[in-house]
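Trainee: Mind looking over this structure? Questions follow.
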Amino acid sequence: MQVRALLFDIGGTVFDWHTPIVTTLRRHREFAGLDHAAFARACRAAFLDEAGAAAEGVSGRRGSDEMLAGVMDTLLARSGLVPDATVRRDLHHAWRRMPAWRGARDGLRALRLTYPVLPLTILSWPMAAGSSRVSGLEWDGFLCCEMIGSYKPDPNCYARAAEIVDCRPEEIAMVAAHPSDLRAARLCGYRTVYVLPQIEDPGEDYHADGLGDEFDLVASDFGDLATRLSPGAWRG
């Protein structure tokens, strides 16, 4: 069956979540003694834990901006750091200015000539839209989990996304650099496209054997992705 829409994970797949946190920390002298890279990784790990708890219904309903701000404040407090409100706000908004990986803008532009292309993301709308504006990325809309009402990998999230784009699940390809996201989407009937990761997320199994056989398509980068998803690539 022909794929009619592409849904993208974007945090890590399209955008670099590490650099803007490190850059923001470097900008403020209050953080001079902090291990910036370690802090960025710890933020990402704690945020993913929070999002996972939200997907399972363990935690109360909170948006991604609130989750990220909470984990950042907790990690700063553990380091004995209590910056003022202006500095904290600058850090809390770091993921609203994530740079895209090289080739992402041109690859997405090429794909949109054939498919509707939208993020399906645990990031908030301000994070997704802000980072897209920073790098000049254009989409056909945004499917943010907090707007849908459930977080990946909850099957309800993938099912509702399919309803919104008016496609059967098998008419959608999920594109991600995270095997766990693709496995969850596949269980919901989606086709799956694995893009080799530019940055590794905590807790992901990137080194499992047979990823090329497990997913429908594997692309080395966004240029390769655009070539492999040329018109007619999914027929049959």
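The values are calculated or read from the model by the stated rules, or taken from the named source; none is laboratory data. Since the model is a prediction, treat every value here as computed from it, not as a measurement. Using ideal geometry, Cβ is built from the backbone for each residue, glycine included, and neighbour counts are taken over all protein chains shown. For the accessible areas, the whole protein counts, side chains as well, though only heavy atoms, and no ligand, DNA or RNA atoms are used. Shrake-Rupley method; radii C 1.70, N 1.55, O 1.52, S 1.80 Å.
Trainee: Looking at Asp201, Asp166 in this structure, which one is without any contact (Cβ under 8 Å) to a residue 24 or more places away in the chain, in a loop (DSSP other than H, G, I, E, B) and out of contact with any Asp or Glu (no Cβ under 6 Å at 6 or more places or on another chain)?
Mentor: Asp166
Trainee: Is it fair to say Ala77 is out of contact with any Cys (no Cβ under 8 Å at 6 or more places or on another chain), part of a helix (DSSP H, G or I) and within 23 Å of Arg160 (Cβ to Cβ)?
Mentor: no
Trainee: A further question on this structure: Under 7 Å by Cβ, and 6 or more places apart or on different chains, what pairs join a residue from segment 136-159 that is in a loop (DSSP other than H, G, I, E, B) with one that is among the β-branched types (Val, Ile, Thr) and crowded, with 20+ Cβ neighbours inside 10 Å?
Mentor: Matching pairs, first to second residue: Trp139/Val117; Asp140/Val117; Tyr151/Ile122; Lys152/Ile122.
Trainee: Does Ala55 qualify as being aliphatic (A, V, I, L, M), without any contact (Cβ under 8 Å) to a residue 60 or more places away in the chain and touching a helix residue (DSSP H, G or I) at 6+ places or on another chain (Cβ under 8 Å)?
Mentor: No; evaluated as a whole, the condition is false for this residue.
Trainee: Right, another one. Taking only segment 216-232 into account, find how many residues are open to solvent by less than 20 Å² (accessible area, probe 1.4 Å) and not in a helix (DSSP H, G or I).
Mentor: Looking only at that region, the number is 2.
Trainee: Quick test of your reading of the structure: Gly107 fulfils all but one of (1) under 18 Å from Val165 (Cβ atoms); (2) of a type in the set (Gly, Ala, Ser); (3) more than 13 Å from the chain's Cα centre (by Cα). Name the failing condition by number.
Mentor: (1)
Trainee: In segment 180-215, what residues are surrounded by fewer than 16 Cβ atoms within 10 Å (Cβ to Cβ) and touching a Ser or Thr at 6+ places or on another chain (Cβ under 6 Å)?
Mentor: Once the filter is applied, which keeps residues that are surrounded by fewer than 16 Cβ atoms within 10 Å (Cβ to Cβ) and touching a Ser or Thr at 6+ places or on another chain (Cβ under 6 Å), segment 180-215 yields only Leu196.
Trainee: For the condition open to solvent by 30 Å² or more (accessible area, probe 1.4 Å), more than 12 Å from the chain's Cα centre (by Cα) and modelled with pLDDT under 95, what is the one hit in Glu170, Glu138, Glu163, Glu146?
Mentor: That would be Glu146, the only listed residue that is open to solvent by 30 Å² or more (accessible area, probe 1.4 Å), more than 12 Å from the chain's Cα centre (by Cα) and modelled with pLDDT under 95.
Trainee: What residue, among those in segment 96-116 that are in contact with a Phe, Trp or Tyr (Cβ under 6 Å, 6 or more places away or on another chain) and not in a loop (DSSP other than H, G, I, E, B), is most open to solvent (accessible area, probe 1.4 Å)?
Mentor: Once the filter is applied, the top-ranked residue is Ala100.
Trainee: Here is a follow-up. If you check Ala177 against the conditions, is it under 20 Å from Ser124 (Cα atoms), surrounded by fewer than 21 Cβ atoms within 10 Å (Cβ to Cβ) and of a type in the set (A, V, I, L, M, F, W, C)?
Mentor: No, not satisfied.
Trainee: I want to confirm something. Restricting to segment 12-62 and keeping residues that are outside any helix (DSSP H, G or I) and touching a Pro at 6+ places or on another chain (Cβ under 9 Å), which single residue is farthest from Arg160 (Cα to Cα)?
Mentor: Top of the filtered list is His28.
Trainee: Next question. Among the numbered conditions (1) open to solvent by 30 Å² or more (accessible area, probe 1.4 Å); (2) hydrophobic (A, V, I, L, M, F, W, C); (3) at pLDDT 95 or above, tell me where Leu6 comes up short.
Mentor: That leaves (1) as the condition not met.
Trainee: Of all residues being in a helix (DSSP H, G or I) and among the small types (Gly, Ala, Ser) in segment 80-95, which is surrounded by the most Cβ atoms within 10 Å (Cβ to Cβ)? Just the residue, please.
Mentor: Ala94
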